[in-house]
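Trainee: Please read through the structure below; I'll follow up with questions.
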Amino acid sequence: MPDTQRSWRRRVARGSAALGLLALTAACTTQAESSAPLSLPRVPVAAAEQRDIPLDTTLTGRVEAIDRVELRARVGGALDAVLFLEGATVRAGAPLFQIDRRPYEIALRRADAAVAIVEAQLERAREEFARAERLALSDAVSVEEVGRRRSALARLTAELESTRAAAADAALQLEWTTVRAPVSGRIGRAEVTAGNVIGGGVGPAAPLALLQSLDPVFVYFDLDPVTADRARAAPRDAWRATVSTFEGGPPFEGPIDFVDHGVGAHTGTLKMRARIANPDGRLLPSAVVRVVFRYGVDSGRTVVPERAIGSDQGARYVLVTRDDGTVEYRPVSLGANAGAWRAVLSDTVQPGDLVVLPGFPGLRPGMTVLPEPAVVR
């Protein structure tokens with residue numbers, strides 16, 4: 001056989017073998033692809049839990065002093081001295097201002113002298129009345145004379161009471177020349193300095209300084225209508241307020257000691273007040289603070305992660321994966337917050353249900369997914 005013919009036959013044989021191998025490889029690849037499972041989207045989930053949920057809400061409040069006193073002079077005169085350091089903390093009874101005492105000391109001595117004169121006159125009148133009664137027994141004096149001396153005794157007795165009252169008033173006005181702190185607290189700046197003549201009495205007298213108590217203090221805050229309704233359904237003795245400053249530091253806690261008798265006409269909110277111990281004076285009057293109002297505990301409530309809750313035209317819902325991985329829509333009604341969790345009031349979600357967390361775009365009910373447990377922070 002010629003060489004050319006033998007060479008052509010070898011090339012045909014090699015081509016046929018290559019085609020066979022290619023066909024076998026393609027068949028194996030097709031079979032492997034048909035037997036491989038479809039890849040499912042992996043979505044993060046967290047199991048709904050059952051917890052005791054503290055019923056609380058966070059609000060903004062304002063600190064107010066329990067005692068807020070505008071110090072005014074009760075008597076007028078020249079101001080001799082300011083006896084305090086402006087901005088200092090003072091105790092009840094501490095002297096703060098000194099008004100010139102001399103005119104009031106003179107008035108008191110005059111009143112005491114008037115009392116002494118009337119007391120002497122009264123003693124003489126008693127003796128004369130007693131003598132007249134003895135003489136009347138022997139008809140030495142007339143009945144009219146006895147009556148006159150009785151009247152004189154009664155008049156002087158009343159006059160003594162009047163002069164004693166005048167002396168007490170003079171002593172009181174002398175005491176008022178020293179303006180003292182009626183309560184313990186922090187005092188502001190002096191509005192009047194020594195050397196000025198100040199008026200006394202109620203009304204026209206200008207304030208000398210402002211004194212506000214610091215321990216304890218009141219913290220006022222307003223509850224929205226929904227929270228107010230929930231709070232009123234809980235026992236009053238469970239109500240507490242935890243107050244903290246926006247600058248940080250340890251919080252303060254105290255009871256609710258006042259609830260307004262009605263809601264605000266324009267806001268519908270209910271005003272409440274907490275009484276907070278403030279021994280170190282960190283809570284200053286008029287300061288704005290953060291208030292956590294707690295009004296009870298919701299026991300055994302189902303909770304879901306807050307960030308898993310969606311909104312659909314005002315309705316709230318969560319997506320839950322069933323045992324076969326199918327995503328299901330569950331409408332929910334919501335209760336109180338518990339950190340990163342939210343209570344569910346409806347029975348559409350039960351403890352143990354796998355709630356889908358955000359993070360997979362395009363997820364919708366009816367899809368089949370592969371749930372992956374995630375940590376809720």
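The values are calculated or read from the model by the stated rules, or taken from the named source; none is laboratory data. All figures in this text were calculated on a predicted structure; none of them were measured in a lab. Using ideal geometry, Cβ is built from the backbone for each residue, glycine included, and neighbour counts are taken over all protein chains shown.
Trainee: Within the bounds of the stretch 347-355, is there any residue that is among the aliphatic types (A, V, I, L, M), part of a loop (DSSP other than H, G, I, E, B), buried (at least 18 other Cβ atoms within 10 Å of the Cβ) and in contact (Cβ under 8 Å) with a residue 40 or more places away in the chain?
Mentor: Yes, the stretch 347-355 contains a residue that is among the aliphatic types (A, V, I, L, M), part of a loop (DSSP other than H, G, I, E, B), buried (at least 18 other Cβ atoms within 10 Å of the Cβ) and in contact (Cβ under 8 Å) with a residue 40 or more places away in the chain.
Trainee: Taking only pairs six or more apart or across chains, which ones have beta-carbon atoms under 7 Å, a first residue in the stretch 282-302 that is free of Cβ contacts under 8 Å to residues at least 60 places away in the same chain, and a second residue that is of a type outside the set (Lys, Arg)?
Mentor: Here the result reads 282/245; 282/249, each pair linking the stretch 282-302 to a residue that is of a type outside the set (Lys, Arg).
Trainee: In addition: The conditions are (1) touching a residue at least 12 places away in the same chain (Cβ under 8 Å); (2) more than 25 Å from residue 279 (Cβ to Cβ), and residue 245 fails exactly one of them. Which is it?
Mentor: Residue 245 satisfies every listed condition except (2).
Trainee: Can you go through 149, 126, 62 and tell me which one is outside the structural domain of residue 166 (by TED's automatic domain parsing) and not in a loop (DSSP other than H, G, I, E, B)?
Mentor: One residue alone meets the criteria, 62.
Trainee: Okay, moving on. What number goes with the only condition from (1) part of a loop (DSSP other than H, G, I, E, B); (2) touching a residue at least 60 places away in the same chain (Cβ under 8 Å); (3) farther than 30 Å from residue 66 by Cβ that residue 174 does not pass?
Mentor: (1)
Trainee: Within the stretch 137-151, is even one residue touching a residue at least 60 places away in the same chain (Cβ under 8 Å) and β-branched (Val, Ile, Thr)?
Mentor: no
Trainee: Step by step: first the residues of the stretch 356-377, then only those that are among the aliphatic types (A, V, I, L, M) and touching a Gly at 6+ places or on another chain (Cβ under 7 Å), then the one that is surrounded by the fewest Cβ atoms within 10 Å (Cβ to Cβ). Which residue is that?
Mentor: The qualifying residue surrounded by the fewest Cβ atoms within 10 Å (Cβ to Cβ) is 370.
Trainee: Now for a separate question. Identify all residues within the stretch 198-214 that are modelled with pLDDT of 90 or more and in contact with a Gly (Cβ under 8 Å, 6 or more places away or on another chain); write none if there are none.
Mentor: Within the stretch 198-214, 209, 210, 211, 212, 213, 214 qualify.
Trainee: Hey, residue 309 hits all of (1) free of Cβ contacts under 8 Å to residues at least 40 places away in the same chain; (2) on the phi > 0 side of the Ramachandran plot but one; which does it fall short on?
Mentor: (2)
Trainee: Looking at the stretch 166-208, which of the residues that are farther than 20 Å from residue 101 by Cβ and of a type in the set (D, E, K, R) is surrounded by the fewest Cβ atoms within 10 Å (Cβ to Cβ)?
Mentor: 189
Trainee: Taking the options 342, 330, 377, 364, name whichever one is over 30 Å from residue 295 (Cβ atoms) and without any contact (Cβ under 8 Å) to a residue 60 or more places away in the chain.
Mentor: Exactly one residue qualifies, and that residue is 364.
Trainee: Now a separate question. So, of the residues in the stretch 280-325 that are among the charged types (D, E, K, R) and closer than 30 Å to residue 214 by Cβ, which turns out to be modelled with the lowest pLDDT?
Mentor: By that ranking, first place goes to 280.
Trainee: I've got another one for you. Return yes when residue 163 is surrounded by 13 or more Cβ atoms within 10 Å (Cβ to Cβ), of a type in the set (S, T, N, Q) and closer than 23 Å to residue 89 by Cα and no when it is not.
Mentor: no
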